[in-house]
Amino acid sequence: MSEHFTLRLQAGTTERLQRRAKTTGAAPRSLASRYVEEGIRHDDNPLIYFVDGETGRRAALLGTQLDVWEVIATVRDNDNDVQAAAEYLNLPVGLVEAAVSYYGEFRDEIDAEIALNEAESQRGLEAYRKGQLALGR
Amino acid sequence: MKALLDAQLSHEIAQLLRDRGLDVDAVTARDDIPSSASDAKLMEIAAAEDRAVITNNVKDFRPIAARRLQRGEAHAGLILVPSSRRRTRAANAALADEVAAVMRANPDGLADSERWLG
């Protein structure tokens, strides 16, 4: 659900927004809305930033090559032991804790990323095995 | 063959593979690869160095590999770790053994191809 909100942009901002929207193929209003949402999330969670990925925008952990969903999946693999996950990923425990805090706020989004990877993994592996079987390997 | 270990897999796996005489870099240990590098950029770097990417990020890397092939751009292969495999330090040695087996079975590399661990 979205709500109507009107604001005045500084001189030049609209032009830059439109230029950026043209580059990304997004509608200027959608892009502005995304900037506001991600800006607030980043202010609330300074160690989290946002990147484009194959399956859309996603939250990532600053200073690492890891998405939040990857960190949370690792925590789960280690029976929710944050310290063990940090050691596995060779990260300061504070970074893993930052991902866990973000997860607490946006659990559905992160769970959806993890579920998508699990589904694609299962589907891909099954197809690979069937293909090998069909070739008698 | 050579390989590049993705960031969500323990860097210890790369060390275990090097201990087995294999040429494997952990992306997290590469100072020349910025932490902000996208998955597509990692794939591009790996292709340029003729390294297969070892990853369990199936949902992102398989489409990237497919798109490269569609564009006529080669890649150096994917070694895919199913998400059903638990990523713990205790599991590192077994995972390294399986990756080593794939690498030794494909000494000339995995150009444009993929292999799955069980």
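Before moving on, here are some points about what is shown:
- Between B:LEU42, B:LEU110, B:LEU95, the distinction of being crowded, with 18+ Cβ neighbours inside 10 Å and part of a loop (DSSP other than H, G, I, E, B) belongs to B:LEU110 only.
- A single member of B:VAL27, B:VAL53, B:VAL102 is of a type in the set (A, V, I, L, M, F, W, C) and within 9 Å of chain A (Cβ to nearest Cβ), and it is B:VAL27.
- B:SER36 out of contact with any Ser or Thr (no Cβ under 6 Å at 6 or more places or on another chain) and at pLDDT below 95: yes
- Scanning region B:70-104 for residues that are of a type in the set (S, T, N, Q) and within 21 Å of A:GLU87 (Cα to Cα) yields B:SER83, B:SER84, B:THR88, B:ASN92.
- Residues in region B:21-33 include none that are in contact with a Phe, Trp or Tyr (Cβ under 9 Å, 6 or more places away or on another chain), of a type in the set (S, T, N, Q) and either closer than 21 Å to A:VAL75 by Cβ or at pLDDT below 95 (or both).
- Residue in region A:118-132 that is within 14 Å of chain B (Cβ to nearest Cβ), in contact with a strand residue (DSSP E or B) (Cβ under 7 Å, 6 or more places away or on another chain), of a type in the set (A, V, I, L, M) and within 25 Å of B:GLY118 (Cα to Cα) present: yes
- Candidates A:ASP52, A:ASP79, filtered to the one that is loosely packed, with under 14 Cβ neighbours inside 10 Å, free of Cβ contacts under 8 Å to residues at least 24 places away in the same chain and under 12 Å from the mean Cα position of the chain (by Cα): A:ASP52
- Every residue from region B:61-78 that is within 12 Å of another protein chain (Cβ to nearest Cβ) and touching a Lys or Arg at 6+ places or on another chain (Cβ under 9 Å): B:LEU78
- Test: residue in region A:19-26 that is of a type outside the set (S, T, N, Q) and in contact (Cβ under 8 Å) with a residue 12 or more places away in the chain: no
The values are calculated or read from the model by the stated rules, or taken from the named source; none is laboratory data. On a predicted model such as this, the values are computed, not experimentally measured, just so you know. Cβ: placed from backbone, ideal geometry, glycine included. Neighbour counts: every protein chain shown.
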